Amino acid sequence: MSGNQVDKGLGAGHHRAVPGLEQDLTAELERLETDGLRRTLRALGSGSAAEVAIDGRPVILLSSNNYLGLADHPDMVAAACEATRRWGCSTGASRLICGHLDLHAEVEARIAAWKGTEAALLFPSGYQANVGTITALVGRGDHVFSDALNHASIIDGCRLSRASVHIYPHRDMRGLEALLSATPEGGRRLIVTDSVFSMDGDRAPLDALVALAGLYHTSLYLDEAHAAGVLGTHGAGLAEAEGLGGAVDVHMGTLGKALGGAGAYVAGSRALIDLVANRARSFVYTTGLAPAAVAAAGAALRIVLAEPERRAALRRNADRLRHGLASLGLRVEGDTHIIPVLLGDNALAMRFAAELLERGVLAHAIRPPTVPAGTARLRVTPMATHTDAQVDRAVAAFAEVATTMGIAA
């Protein structure tokens, strides 16, 4: 085929239909719709804050991971802008080629100091950090033990590693010990768990995990995505809060939740970080984290260390909201700043969320496969920057919807 023929056949606006594909895709979308599982993108007209704009009207945001309200903090915005002026919009390459900046090294050293480890490594996202690090550490002939409610990025990392994967019931230490004791010796052994579980809002039994890891000569990998910035004297996470940072082999956390920016980190020994930098494909084969995000992370660390009152405000707001929702007779679970309101049925959860939005509250319905079948819920997450009046307005909206739908006790 000549160049002209190629141009004519694949010109602008040309659509090459694959026989049957459109019909199959449409049918699959219809099945998702019928099952109450179809998801759609909803555009916000403002940045993440206590209230956001949707279709030009203000809405109380109770679905964000911006727990400390740092996403629009002036210091972070200024740091990101200054880094962009100095370093540009992109590193222009993977970190191992020529995309490693002084800025990366500086912030990685600060993260390591914060976490109390020898070294740290930045990744563009939490998903890449988990998939890359797990697959770098274990493979065929190795064994990885994973909590049943771990995040999808952990699940995918375990699957892609080709190690033997053993799933233990959520937070069930007897179940985990049974798996550990039944697994033959040989190869690396790795326990992987979230510290605060993203959809259930409960905490890993870290002291028991540390004890089992030591007893069965197994390394411990702790995903602090939803605890970093929130728990601990210095906001370093659950390991710091329980005084067990030195007993954890691999610390992972994100920069895009409580720290208000983008990206993720893995922290641990120098040998660990050097190996991950060499073997994690999601680090080796991707462009380095953008200068603006790295600088914003540095600013976030300064704020987290200097303003513990943000963590205190988040705890107060979570307690106020949890008490208010529980008083309505709703099934409220978890014991952290993540508050699941269990509804069970997919359609019911979707309708409840839609009714809340009509009343000026955005609290997303979470459905399978993000949570197990039959456990659809609203995932309610306050911020440190919500006022008492906003929290009380949200509770009033929940009360009105619950009463209208016949759910309130």
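The values are calculated or read from the model by the stated rules, or taken from the named source; none is laboratory data. Worth saying up front: this structure is predicted, and the values here are computed from it rather than measured. Quick reminder, even Gly has a Cβ in these numbers, built from the backbone with ideal geometry, and neighbours come from all protein chains shown. The area values use the complete protein model at the heavy-atom level, side chains included, leaving out ligands, DNA and RNA. Shrake-Rupley method; radii C 1.70, N 1.55, O 1.52, S 1.80 Å.
Extension gain, residue 326-residue 287: 0.36 nm per intervening residue step, less the Cα-Cα distance, totals 9.5 nm.
Reported value for region 11-124: 280 Å³ per residue, from the convex hull of its C-alpha atoms. The 3J(HN,Hα) values that the Karplus relation (6.51, -1.76, 1.60; θ = phi - 60°) gives for region 252-259 are, in residue order, 10, x, 10, 9, x, 10, 4, 7 Hz. Gly and Pro appear as x. When Lys and Arg each count +1 and Asp and Glu each count -1, what net charge do the other residues less than 9 Å away from residue 154, Cβ to Cβ, add up to? My count for the surroundings of residue 154 gives -4.
Near residue 73, within a Cβ-to-Cβ distance under 12 Å, what is the net charge of the other residues, with Lys and Arg +1 and Asp and Glu -1? Residues near residue 73 contribute -1 overall.
Annotation: amide H of residue 232 within the under-5 Å range of 237, 241, sequence separation 5 or more or interchain, hydrogens built in the peptide plane. Between 163, 120, 312, the Gaussian network model of the chain with springs among Cα atoms under 10 angstrom shows the greatest mean-square fluctuation at 312. Our helix-only sum for the chain, with -39,500 (n - 2.57) per DSSP H run of n ≥ 4 divided by its residues, gives a mean residue ellipticity at 222 nm of -13000 deg cm²/dmol.
If you sort 381, 40 by accessible surface, 1.4 Å probe, largest first, the order is 40, 381. In this label model, residue 113 and residue 389 are separated by 4.1 nm, measuring between points 7 Å along each Cα→Cβ vector. With the simple model of a label 7 Å out from the Cα in the direction of the Cβ, residue 39 to residue 358 spans 2.5 nm.
Based on the Kirkwood radius over alpha-carbon pairs, what value in µm²/s does the Stokes-Einstein equation return for the translational diffusion coefficient of region 273-324 at 37 °C and 0.692 mPa s? Show your work: numbers first, answer last.
On the way: Rh = 14.3 Å.
The estimated diffusion coefficient comes to 230 µm²/s.
Under 5 Å from the amide H of residue 286 lie the amide H atoms of 95, each residue being 5 or more positions distant or on a separate chain, with H modelled from the backbone and absent for Pro and chain starts. List, in order, the whole-Hz ³J(HN,Hα) value for each residue of region 106-117 obtained from phi through the Karplus relation with A = 6.51, B = -1.76, C = 1.60 and θ = phi - 60°; use x for Gly and Pro. After applying 6.51 cos²θ - 1.76 cosθ + 1.60, I find 5, 6, 4, 5, 5, 5, 4, 5, 4, 7, x, 10 Hz. Modelled spin-label separation between residue 78 and residue 233, with each label point placed 7 Å from Cα along the Cα-to-Cβ direction: 2.9 nm.
Amide H contacts for residue 51 (H built 1.01 Å from N in the peptide plane; partners 5 or more residues away or on another chain; cut-off under 5 Å): 61.
Each eigenvalue of the Cα gyration tensor of region 269-391, multiplied by 5 and square-rooted, gives one semi-axis; in descending order these are 35, 22, 14 Å.
Please work out whether region 238-313 counts as rounded, prolate or oblate from its C-alpha gyration tensor, where a ≥ b ≥ c are the square roots of the eigenvalues and a/c under 1.5 means rounded, while otherwise a/b larger than b/c means prolate and anything else oblate? Taking the square roots of the gyration eigenvalues as a ≥ b ≥ c, region 238-313 is oblate. Net charge of the neighbourhood of residue 277, taken over other residues with C-beta under 13 Å away and scored Lys/Arg +1, Asp/Glu -1, is +2. Ranking of 106, 355 by solvent-accessible surface, largest first: 106, 355 (1.4 Å probe, protein heavy atoms only, all chains present).
For residue 398, the solvent-accessible surface computed with a 1.4 Å probe is close to 0 Å², ligands and nucleic acids excluded. Relative protection proxy for 243-249, 177-183, from highest mean packing down: 243-249, 177-183 (other beta-carbon atoms within 10 angstrom).
Treating only the Cβ of Lys, Arg, Asp and Glu as charged (+1, +1, -1, -1), what charge dipole size does the chain show about its Cα centre? Round to the nearest 20 debye. Before the final figure, lay out the partial values.
Numbers: 38 positive and 43 negative charges, 95 e Å.
The calculation lands at about 460 debye.
DSSP bridge analysis restricted to the chain gives an antiparallel fraction near 55%, rounded to the nearest 5. Phi-derived couplings, Karplus 6.51 cos²θ - 1.76 cosθ + 1.60 at θ = phi - 60°, listed residue by residue for region 201-215: x, 10, 10, 5, x, 5, 4, 5, 5, 4, 5, 5, 4, x, 5 Hz, with x used for Gly and Pro. Between the listed residues 387, 173, 132, the Cα displaced farthest toward the positive end of the dipole of the chain, a dipole computed from Cβ unit charges relative to the Cα centre, is found at 132.
Ordered from highest to lowest accessible area with the whole protein assembly present and a 1.4 Å probe, 144, 395 read as 395, 144.
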